[in-house]
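A.B. asks: Got a structure for you, written out below as structure tokens; questions coming shortly.
The values are calculated or read from the model by the stated rules, or taken from the named source; none is laboratory data. What you are looking at is a predicted structure, and each value in this text was computed from that prediction instead of being measured. Cβ atoms come from the backbone with ideal geometry, glycine included; neighbour counts cover every protein chain shown.
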Amino acid sequence: MTFHAILSELVEKVPGALGAILADWEGEAVDQAGPLDTYELRVVGAHKGVILSNLRRVVSRLEGDCLREIVITTERSQTLVLPVTDDYFLVVFLERLAGLGRAQLEARRCLAGLRAEIA
């Protein structure tokens with residue numbers, strides 16, 4: 001299954017999902033899916049990559065543990081950021097009132113497919 005197919009399936013399974021993007025450690029888009037404008041989704045992915053990188057360092061220093069998931073909620077949206085490997089991460093961009101629990105479940109399921117394609 002291709003990255004695009006995996007990301008499309010994720011977006012289809014989550015009501016209120018605006019897009020999903022797989023990005024590399026530099027925040028560069030590998031692939032993406034969803035109704036959100038391509039450029040806007042890439043910008044969201046790049047910015048969330050910076051947040052992930054910074055939080056990974058903090059968690060590692062303070063707790064000696066690995067960061068597994070970030071949830072960012074704003075007035076207009078929700079965003080999930082999940083490391084796929086050390087070099088890749090998944091960002092799922094959601095409407096503000098989308099079901100966060102459903103999005104987390106489907107994003108976690110999506111990780112296995114993405115990891116298999118990366119390997």
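A.B. asks: Take Leu36 and tell me if it is farther than 15 Å from Phe89 by Cβ, modelled with pLDDT under 90 and either crowded, with 18+ Cβ neighbours inside 10 Å or under 15 Å from the mean Cα position of the chain (by Cα) (or both).
C.D. replies: Taking the combined requirement at face value, the residue satisfies it.
A.B. asks: Same structure again: Limited to the stretch 53-79, what total is found for residues that are of a type in the set (Lys, Arg), farther than 25 Å from Ala119 by Cβ and in contact with a strand residue (DSSP E or B) (Cβ under 9 Å, 6 or more places away or on another chain)?
C.D. replies: Final tally of qualifying residues: 1.
A.B. asks: Additional query: Sort through Leu82, Leu7 and tell me the only one that's in contact (Cβ under 8 Å) with a residue 60 or more places away in the chain and within 21 Å of Ala112 (Cα to Cα).
C.D. replies: On the way: Leu82 fails: in contact (Cβ under 8 Å) with a residue 60 or more places away in the chain.
Of the residues listed, the single one that is in contact (Cβ under 8 Å) with a residue 60 or more places away in the chain and within 21 Å of Ala112 (Cα to Cα) is Leu7.
To keep it simple, each residue is scored yes or no on (1) surrounded by 14 or more Cβ atoms within 10 Å (Cβ to Cβ); (2) assigned to a helix (DSSP H, G or I); (3) of a type in the set (Gly, Ala, Ser); (4) touching a residue at least 12 places away in the same chain (Cβ under 8 Å).
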residue	(1), (2), (3), (4)
Ala23	yes, no, yes, yes
Leu41	yes, yes, no, yes
Arg56	yes, yes, no, yes
Ser60	no, yes, yes, no
